[in-house]
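Encoded as structure tokens, the structure appears first; notes follow it.
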Amino acid sequence: MLNIQSQLQFSDHRSLYDILIPADSKFRQLNELIDFSLIRNELVKNYSKDIGRKAVDPIILFKYLLLKTMNPSSDRDLVARSYTDMSYKYFLGLNPEDDVIDSSLLTVFRRQRMKDVDLMDLLIRSTIDKAKALGLLSSKKIIIDSTHTLSVFKRYTPSEAISRRSHDLLATIKESGINRELYMKLPMVPVSKESNMMVEYAQSLLTNITDMGIAITTGIQEKMNYLQEALDDIAVRAMVCKDADVRYGHKSTNKPFTGYKIHISETEDGFITAATVTSGEKGDGAILPLLIEKTEENGLYDIDAVIADTAYCTKENIETCDGRDIKLVAPLHPSVNGFRDENDGFIYNKDAQSVTCPAGELAVKKSFKKANHKKKNNAHYDYYFDVEKCKQCPLKDGCYKEGAKHKTYSIRILSEEHQRQKEFQTTPEFKRDIRIRNRIEGKNSELKNRHGMRTTISFGLNSMEIQTAVALFYVNLKRIMKLMS
């Protein structure tokens, strides 16, 4: 039940804040800068008006999350510090003698109270409005880039996951006091650890446990369900991880990661204007139109240039920017254009300078083919994939032909749109604007190294979006305070 107290109760100790909290404290500035009631107004729909115990004001809970972003720590450590740190209590709107929440309440708040809320755009829009009102936002150029956040949970190969979970299941069966002769009739773990053989073994093990009449206790059933869950994950995603929303991405040929991608746009002044979160295997280029739309919705209407790296220099993005009378300041890469079908799931990965397939696997090599004018073939790159992985891939239907010795993907070079882009790259305007592209790298570094965006704090895309939204909100507020000072 949400029953908000309009003001603090009287306290004899409140005057301590006048002594302990300096006038230029960032906590004072934050409280004066933003009307946090916008959080309450947005979340009130997720609270009951008259059922249940009195709820903690969502503004206070949101401020806890903001403090966690300002000084990354666990929920327990955050709450423990807020009990003794007067600057924290002042920022939270508590009296010096007030008690603090139980740390478990923050998990409930993230999972239940913040569901179905477009927190990202709400928070970014509020900071953009404040920056505009203060006359701090003047740039008409936005810089676009993505950065990755590692999942706090490990990704297992199918073989590793089945090996671990079947071992746990067999150990539980053995501990249940099963007859030794009956236990020895269960399928043996295959010597080969190939994925298809391990999958067949796991399916056989589950079937035999049911058919052999083994007494299935609660513990055995839990382990059976756990193993079946791994088989389901393998069939759908070709991987196993506690976080069902994470995917396998690549920062370079030798640097894969399991996690998410944060795609952001930033003005030349250093304000983040839009953001979205995707799973790790998603390409960068396709996100550009969405970031432009979100930027305009968040209050920056007259964009005249988008500055980005080679991943964004696709035919579709050039056409999108031309249609909006926006200059796309992105270096042309001969491999970026020419995909046979932009929706076939094959994505150019500019970090690895290679192509990823719909399952997220990176091509193992590439070769260049010259143009053949007699056959009317353009110059193109052929990307080769690991056939052994293709044979086991759950997405092989319509992609890999059974028995084929190679799986390749060809990319044509240089469309008409890219020819115009090539000419634009030679202009002084392009050369001037592209120099500021690396500014966004500093923002990515700030988010990762200072505000906890190097790894996730929980599991699920929704949790990742909340974590990102609060971090971006704070870095925008920091930028406002810095320019004001």
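The values are calculated or read from the model by the stated rules, or taken from the named source; none is laboratory data. Only a predicted model underlies this, so the values are computations on that prediction, with no experimental measurement involved. No Cβ is skipped: glycine too gets one built from the backbone with ideal geometry, and neighbour counts run over all protein chains shown. SASA here: full protein model, heavy atoms, side chains in, ligands and nucleic acids out. Shrake-Rupley method; radii C 1.70, N 1.55, O 1.52, S 1.80 Å.
Per the conditions (1) open to solvent by 20 Å² or more (accessible area, probe 1.4 Å); (2) not in a helix (DSSP H, G or I); (3) not aliphatic (A, V, I, L, M), the sole criterion not satisfied by residue 149 is (1). For segment 394-405, the criterion of being at pLDDT 85 or above and under 18 Å from residue 314 (Cα atoms) is satisfied by no residue at all. Note on segment 101-115: residues that are over 22 Å from residue 35 (Cα atoms), part of a loop (DSSP other than H, G, I, E, B) and open to solvent by 30 Å² or more (accessible area, probe 1.4 Å) amount to 1.
Sort out which residues of segment 278-306 are among the hydrophobic types (A, V, I, L, M, F, W, C), within 26 Å of residue 460 (Cα to Cα) and open to solvent by 10 Å² or more (accessible area, probe 1.4 Å), and write them in order of number.
Our first condition is that a residue be among the hydrophobic types (A, V, I, L, M, F, W, C); within segment 278-306, this holds for 286-288, 290-292, 300, 303, 305-306.
Filter again for within 26 Å of residue 460 (Cα to Cα), leaving 286-288, 290-292.
Across segment 278-306, the qualifying residues are 286, 287, 290.
Kindly evaluate residue 151 against the criterion of being closer than 30 Å to residue 257 by Cβ and without any contact (Cβ under 8 Å) to a residue 40 or more places away in the chain. So residue 151 fails the test. For segment 312-327, the set of residues classified as open to solvent by less than 10 Å² (accessible area, probe 1.4 Å) and either among the basic types (Lys, Arg) or in contact (Cβ under 8 Å) with a residue 40 or more places away in the chain (or both) consists of 312, 313, 318, listed by residue number.
Of 211, 233, 269, all but one fail to be under 30 Å from residue 441 (Cα atoms) and among the charged types (D, E, K, R); the exception is 269. Please work out if residue 88 is surrounded by 14 or more Cβ atoms within 10 Å (Cβ to Cβ) and modelled with pLDDT under 85. So residue 88 does not fit the description; no.
For segment 157-165, does any single residue satisfy the condition of being open to solvent by 30 Å² or more (accessible area, probe 1.4 Å), closer than 30 Å to residue 393 by Cα and under 22 Å from the mean Cα position of the chain (by Cα)?
So far as segment 157-165 goes, yes, one or more of its residues are open to solvent by 30 Å² or more (accessible area, probe 1.4 Å), closer than 30 Å to residue 393 by Cα and under 22 Å from the mean Cα position of the chain (by Cα).
Figure legend. Inter-residue proximity from segment 195-222: first residues polar (S, T, N, Q), second residues open to solvent by 80 Å² or more (accessible area, probe 1.4 Å), beta-carbon distance below 7 Å, spacing 6+ or different chains. Indicated pairs: 195/392; 196/392. Among the criteria (1) free of Cβ contacts under 8 Å to residues at least 24 places away in the same chain; (2) open to solvent by less than 50 Å² (accessible area, probe 1.4 Å), the one residue 421 does not fulfil is (1). As a summary of the residue check, residue 409 satisfies the conditions (1) out of contact with any Ser or Thr (no Cβ under 9 Å at 6 or more places or on another chain); (2) assigned to a helix (DSSP H, G or I) except for the one numbered (2).
Looking only at segment 424-444, which residues are open to solvent by less than 50 Å² (accessible area, probe 1.4 Å) and either within 30 Å of residue 366 (Cα to Cα) or not β-branched (Val, Ile, Thr) (or both)? Lay out the reasoning, then the answer.
Let us first name the residues in segment 424-444 that are open to solvent by less than 50 Å² (accessible area, probe 1.4 Å), namely 424-425, 427, 430, 433-434, 436-437, 440, 442-444.
Selection gives 424, 425, 430, 433, 434, 437, 442, 443, 444.
From (1) in a loop (DSSP other than H, G, I, E, B); (2) of a type in the set (A, V, I, L, M); (3) open to solvent by less than 10 Å² (accessible area, probe 1.4 Å), pick out the condition that doesn't hold for residue 131. Here residue 131 clears every test but (1).
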